1. Under the 0.36 nm per residue contour assumption, what length would be gained going from the current alpha-carbon distance of Ile64 and Arg241 to full extension?
2. Using θ = phi - 60° and the Karplus relation 6.51 cos²θ - 1.76 cosθ + 1.60, list the HN-Hα couplings for segment 106-120 in order, rounded to whole Hz, with x at every Gly or Pro.
3. Can you tell me the Rg and Dmax of segment 10-75, counting just the alpha carbons, in angstroms?
4. Whole Å is fine, so just give me how far the alpha carbon centre of segment 251-321 lies from that of segment 71-148.
5. For a quick check: sort Ile296, Ile314 by the number of other beta carbons within 10 angstrom, fewest at the front.
6. Can you list residues from other chains, or at least 5 along the same chain, whose modelled amide H is less than 5 Å from the amide H of Ala133?
7. For Lys122, what is the net charge nearby, where nearby means another residue's Cβ is under 12 Å from its Cβ and Lys, Arg count +1, Asp, Glu -1?
8. Classify segment 1-154 from the C-alpha gyration tensor, please: rounded if a/c falls under 1.5, else prolate or oblate depending on whether a/b exceeds b/c.
Amino acid sequence: MILHVDMDAFFASIEQAINPRLKGKPLIVGSRGSKMHTVVCAASYEAKHLGIHSGMPSRDAFNICPNLEFVTADQAKYIWTSEQIFELLKGFNSPLNYASIDEFQMDLTGIKNAVSLGKEVKLQIYANFNITASVGIAKNWLLAKLASKLNKPDGLTLINDENFEETLRVTPLNKLCGMGGKNGQIFMNQGLKTCWDLYLNLPEFINNNPGKFEENPGKSSESPKSVSHSYTLPRVEINPRVIQAWIRLLSEMVGVRLRQQNLVCRTVNLYLSGSEIGSLGAQKTSQITTNDSYEIYSKCLKIMAKMSLKRPKIRALGVSVSQLNQADSSLLLIEEKQRESLTRAFDLINGRFGEGTIYPAITSFTR
Ligand SMILES: [Mg+2]
């Protein structure tokens, strides 16, 4: 089982914990000091209940609530608190992962009572930092993360075999990590409304998310020769946006698996099939290795462009990567190191503010 910890309104809660005058009040944390000319980067639950949310211009927030409390964001303070929470969680002696500045994952393999451990995690965080966390427990990280969102704030949610179907049936697809942005919207428009609909269509997206932790990098006995994901569409598809959205999703699934196994690839393969085009496969190999989902996706688009198909009718598609090696960041060129820290910053921002908050311009034409 995986346990996912998601801090509740993290930045705003820290400010309220430090300054008791702010407790119980609607509060926003702004990304810049000028309170009317910034963007809400966190809102306390008191503010959220009024309809104020992160990403909103602060002026709009003040229109909703003129006596809103305002604090300028102090990144150093939030990072320090995040690191202290990580140290505290280490004390539970389970493999531990940093998912984002306010999210952590623990591998509970071999632990009997995951729920009571989850309660203990919440208690200790509250006792030490005077802020609350929501905890989700499930068989993989994707479902554990989803579970942590279902009873916020101060929630503790278990998804197990008994409640798996009923939970997924009542949970909108866009609650699922990776389905929050415009890509998720495209799938919703295709008729996949709930997480259960996605599970019926693409069970491996929900199932194949083993929690992988960095405790033993490179220790896995044998590296796979390739990693691939494919999908047969419910009907023939001609809309390029939908086709690209599927390639994007499959690239994401492949990229996640590479990163979980600390691997990089040199070759990207795209496979397409349909009654008119038959089965088409082509690949692109480059000297520079990657495990970046966007990189894999954009290589797929280049491969597809080279196939020069005119509005192909697609029934099935697949993305696979091969020529795999262990990732070794010490070998990266300076530019690649910069790109790696850029990806980390992306993950941090998207982890904090929601999927798709920041994205490479190249994908904007799928939106
Ligand atoms: Mg959070």
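What follows is calculated from the coordinates using simple rules that are stated; it is not laboratory data. Since the model is a prediction, treat every value here as computed from it, not as a measurement. Positions of Cβ are backbone-derived with ideal geometry, glycine not excepted, and every protein chain shown enters the neighbour counts.
1. On the way: separation 177, 0.36 × 177 = 63.72 nm, distance 3.68 nm.
Length gained between Ile64 and Arg241: 60.0 nm.
2. For segment 106-120, the Karplus-derived couplings read 10, 8, 9, 3, x, 9, 5, 10, 5, 5, 5, 5, x, 4, 5 Hz, x marking Gly and Pro.
3. Computed over the Cα atoms of segment 10-75, radius of gyration and Dmax are 10.1, 26 Å.
4. 35 Å
5. On the way: Ile296 27, Ile314 24.
In order of increasing Cβ crowding within 10 Å: Ile314, Ile296.
6. For Ala133, whose amide H was placed from the backbone, the distant partners under 5 Å are Asp8, Asp154.
7. -3
8. Details: a/c = 2.36, a/b = 2.06, b/c = 1.15.
Prolate.
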